[in-house]
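The values are calculated or read from the model by the stated rules, or taken from the named source; none is laboratory data. These numbers were taken from a predicted model, which means no experiment stands behind them. Reconstructed Cβ throughout: ideal geometry from the backbone, glycine too, with neighbour counts over all protein chains shown.
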Amino acid sequence: MITLSHITAAYRDEPVLNDVSLHVARGERVALVGPNGAGKSSLLRVITGQLAAKGSVQVAGTDVAQLSPKARARLVAVVPQELSCDTPYTAHEFVMLGRTASLPRFGGPAAADLRAVQEAMDMTETWHLRQRFLTEMSGGERQRLALAMALAAQPEIILLDEPTSHLDLRHRTDMMRVLCGLNRDRQATILMVVHDLTLASQFFARIILLSKGRKCADGTPAEVLRPALLEAAYACGVETFPLPSAICVLPRL
C-alpha cells in the first residue's frame, strides 16, 4: 500500500531523511517512533507528496507524484499533530471538509456526505459539538475533530502525526479503539507517529524506529523496544518492563 525506496529529503539543504526504505502492506497498522527531529513527520509529508524527495514513493501502486490532488485525498487522509485554534468553522463544517474530494464541483453535499460526516462524528464522540466553533474548543476536542474529518473521507490509508498528544487517558484509549476497529473491520491501512512507546507497544504489532533521519529498527514491539536500541536512538538511559498487554518504557533517571 505504501512503498518507499531509498528516500532522501531535506529542508533548505538540511537533511531530514537519509536512505529510508520501507513497505506498509494493505491493512497493516504501524507505529512510527523516534526522538524529536528524527524525521517522522517529514516521512508522512513525503508519503503525501508535500515534501519533495529523492527515491521512489508509491501509494497503492502508483507514484505519488502521478496522483491528482483529488485522487490523493480520496486515498489518503492525514490527522495532523494539532489544529490552529483560530480556524473559523463550526465542528460540522470542519468535518465536512473531509468530504471535499467527493463533492461535485458545483452544489452542496448529498445525503451520503451528510451520513459520512455524522458517522465520523459519532465514532469520535463529537456529534454534540457540531454547532460549536473550533475557536471555542479545547485542544483535545479539536484533535478528535481532526480524526473525524479524516474518517469522513472514508480513505484507504490514514496517516496520523501524534494525534493523542492533547487527549486525556479515556479519549486516548477511545481514539485507539476507533483506529483499531477501522483497521480490523475496513482493512484501513494506518501509519501513526507515536511518542508514547508504551502506547505503541499496546496497540501496534509493528513498530518502525527512526533516528537522525535513518531507519534504525523495524519489527515487533519486543524486537524494537529493547534498551540498547532505544538508548542509541534517544541518547538517554532506558528501562523496559513487560506487562500483560504492553511493554512499559521509562527513561532511566
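Condition check ((1) among the hydrophobic types (A, V, I, L, M, F, W, C); (2) touching a Leu at 6+ places or on another chain (Cβ under 8 Å); (3) assigned to a loop (DSSP other than H, G, I, E, B)) across all residues:
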| position | (1), (2), (3) |
| --- | --- |
| Lys70 | no, no, no |
| Thr87 | no, yes, yes |
| Ala101 | yes, no, no |
| Arg105 | no, no, yes |
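Per the listing Ala38, Ala31, the residue uniquely in contact with a strand residue (DSSP E or B) (Cβ under 6 Å, 6 or more places away or on another chain), part of a loop (DSSP other than H, G, I, E, B), surrounded by 21 or more Cβ atoms within 10 Å (Cβ to Cβ) and not basic (Lys, Arg) is Ala38.
Looking only at the stretch 107-122, which residues are over 13 Å from Met149 (Cβ atoms) and hydrophobic (A, V, I, L, M, F, W, C)? Scanning the stretch 107-122 gives Ala110, Ala111, Ala112, Leu114. Being closer than 17 Å to Gly98 by Cα and among the charged types (D, E, K, R) is a property that Arg132 lacks. Please specify each residue of the stretch 120-129 satisfying the condition of being surrounded by fewer than 17 Cβ atoms within 10 Å (Cβ to Cβ) and either over 23 Å from Glu162 (Cα atoms) or within 17 Å of the chain's Cα centre (by Cα) (or both). Of everything in the stretch 120-129, just one residue is surrounded by fewer than 17 Cβ atoms within 10 Å (Cβ to Cβ) and either over 23 Å from Glu162 (Cα atoms) or within 17 Å of the chain's Cα centre (by Cα) (or both), namely His128.
Here is a check on your reading of the model: is Ser56 modelled with pLDDT of 90 or more and more than 20 Å from the chain's Cα centre (by Cα)? Spelling it out, Ser56 is indeed modelled with pLDDT of 90 or more and more than 20 Å from the chain's Cα centre (by Cα).
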